[in-house]
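What follows is a short report on a single structure.
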Amino acid sequence: EAKESLVEIVDFLHNPGKYTHIGAKLPKGALLVGPPGTGKTMTAEAIAHKLRKKILRATYADIESKFHGEGPKMVKAIFRAAERDNAVLFLDESDSLLSKRLTNVSDGSAQAINSMRSQLLISLENFKGIVIFATNLVVNYDKAFLSRLINVEFTNPTATERRKIWWNHLKTDKIHVLLSTDVNIDYLAETYELCGREIKNVVKNACVSVALKKNEIVTQQDFITACVKVVEERENVNSAKDQTRIGDISASEEKKERLK
């Protein structure tokens with residue numbers, strides 16, 4: 001479903017004149033939503049490649065500034081650069097950018113955030129090129145943004161899809177990994193629920209491990225060991241506790257203020 005939507009988006013954005021007869025307001029770009037490692041960035045690059053355009057990538061960190069008034073200027077500059085270079089503008093990690101504008105504004109920081117989001121909306125409306133947003137979250141978004149974008153949901157791959165991803169990393173003509181005869185892609189795909197990025201990392205890690213041992217052939221056990229390591233790392237990250245415990249009675253008042 002995601003692929004069908006993306007094919008439609010590419011045609012829609014590349015040939016907007018074909019759709020003007022429907023009388024509806026044309027979307028200004030796409031919003032790719034889904035968990036990390038499911039291919040949002042790779043898809044943005046693929047869209048740019050399909051359209052034969054360069055891609056200009058920016059994140060919230062590239063735009064925000066500690067100086068009031070700089071955020072909106074950065075937004076305008078990034079859109080202007082993309083239009084100048086006829087590039088696909090890819091705004092990654094755009095959760096903060098697309099969130100609702102703040103109400104009951106009482107300080108300069110909140111005003112700066114609202115100003116930046118308003119400028120983003122203006123720039124999006126006036127932009128003549130293609131914008132792609134990517135985010136892991138769809139919460140508290142400003143409807144003014146969502147109504148101007150085509151939404152595509154990315155999900156973690158199924159076992160069948162994981163099998164294809166494994167195959168692409170190990171069995172295509174462009175890949176030359178020397179595999180042991182015991183390597184079982186079906187088992188790896190069905191046993192380990194990994195996303196696309198994790199599968200790529202498993203293949204890299206297994207190959208590096210084999211090279212360090214001065215072996216030449218990657219075995220099933222090498223892949224299993226790498227899979228277990230990636231799964232453990234993911235679980236450790238997901239279960240990590242917040243170490244900045246402001247309410248900890250053992251912390252000095254000075255530390256508490258610094259943490260705040």
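The values are calculated or read from the model by the stated rules, or taken from the named source; none is laboratory data. Keep in mind that what you see is a predicted model, and the values were worked out from it rather than measured. Note that each Cβ is placed from the backbone with ideal geometry, even for glycine, and that neighbours are counted across all protein chains shown. Surface areas here come from the heavy atoms of the whole protein model, side chains and all, with no ligands, DNA or RNA. Shrake-Rupley method; radii C 1.70, N 1.55, O 1.52, S 1.80 Å.
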| field | Qualifying residue in segment 200-209 (condition: loosely packed, with under 13 Cβ neighbours inside 10 Å, farther than 30 Å from L91 by Cα, more than 23 Å from the chain's Cα centre (by Cα) and not acidic (D, E)) | value | yes
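Please tell me if I113 is in contact with a helix residue (DSSP H, G or I) (Cβ under 7 Å, 6 or more places away or on another chain) and either buried (at least 16 other Cβ atoms within 10 Å of the Cβ) or modelled with pLDDT of 75 or more (or both). Steps first, answer last, please.
Details: in contact with a helix residue (DSSP H, G or I) (Cβ under 7 Å, 6 or more places away or on another chain): no; either buried (at least 16 other Cβ atoms within 10 Å of the Cβ) or modelled with pLDDT of 75 or more (or both): yes.
It is false that I113 is in contact with a helix residue (DSSP H, G or I) (Cβ under 7 Å, 6 or more places away or on another chain) and either buried (at least 16 other Cβ atoms within 10 Å of the Cβ) or modelled with pLDDT of 75 or more (or both).
Residue by residue, here is whether (1) of a type in the set (A, V, I, L, M); (2) modelled with pLDDT under 90; (3) out of contact with any Pro (no Cβ under 8 Å at 6 or more places or on another chain) holds:
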position	(1), (2), (3)
L121	yes, yes, yes
F127	no, yes, yes
K143	no, yes, yes
N168	no, no, yes
D173	no, yes, yes
L178	yes, no, yes
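Just one of V203, V177 is without any contact (Cβ under 8 Å) to a residue 40 or more places away in the chain, at negative phi and not hydroxyl-bearing (S, T, Y); which is it?
V203
Return yes or no: is I150 within 17 Å of the chain's Cα centre (by Cα), surrounded by 14 or more Cβ atoms within 10 Å (Cβ to Cβ) and in contact (Cβ under 8 Å) with a residue 12 or more places away in the chain?
Details: within 17 Å of the chain's Cα centre (by Cα): yes; surrounded by 14 or more Cβ atoms within 10 Å (Cβ to Cβ): yes; in contact (Cβ under 8 Å) with a residue 12 or more places away in the chain: yes.
Spelling it out, I150 is indeed within 17 Å of the chain's Cα centre (by Cα), surrounded by 14 or more Cβ atoms within 10 Å (Cβ to Cβ) and in contact (Cβ under 8 Å) with a residue 12 or more places away in the chain.
From the set of residues in segment 145-157 that are out of contact with any helix residue (DSSP H, G or I) (no Cβ under 8 Å at 6 or more places or on another chain) and farther than 23 Å from K73 by Cα, which is modelled with the highest pLDDT?
So the first thing to find is which residues in segment 145-157 are out of contact with any helix residue (DSSP H, G or I) (no Cβ under 8 Å at 6 or more places or on another chain), and the list is 147, 149, 151, 156.
When the remaining residues are screened for being farther than 23 Å from K73 by Cα, the result is 147, 151, 156.
Numbers: S147: 76, N151: 87, N156: 94.
Checking each candidate, the answer is N156.
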| query | Before we move on, is S239 open to solvent by 70 Å² or more (accessible area, probe 1.4 Å) and small (G, A, S)? | reply | yes
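How about segment 29-84: which of its residues are of a type in the set (S, T, Y), more than 18 Å from M116 (Cα to Cα) and exposed (fewer than 15 other Cβ atoms within 10 Å of the Cβ)?
Of segment 29-84, the ones of a type in the set (S, T, Y) are 38, 41, 43, 59-60, 65.
Cutting the leftovers down to more than 18 Å from M116 (Cα to Cα) gives us 38, 41, 43.
Within segment 29-84, none qualify.
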| field | segment 206-254, residues that are in contact with an Asp or Glu (Cβ under 8 Å, 6 or more places away or on another chain) and modelled with pLDDT under 90 | value | R234
| request: Please specify each residue of segment 118-147 satisfying the condition of being more than 18 Å from L6 (Cβ to Cβ), open to solvent by less than 20 Å² (accessible area, probe 1.4 Å) and among the small types (G, A, S). | output: S123
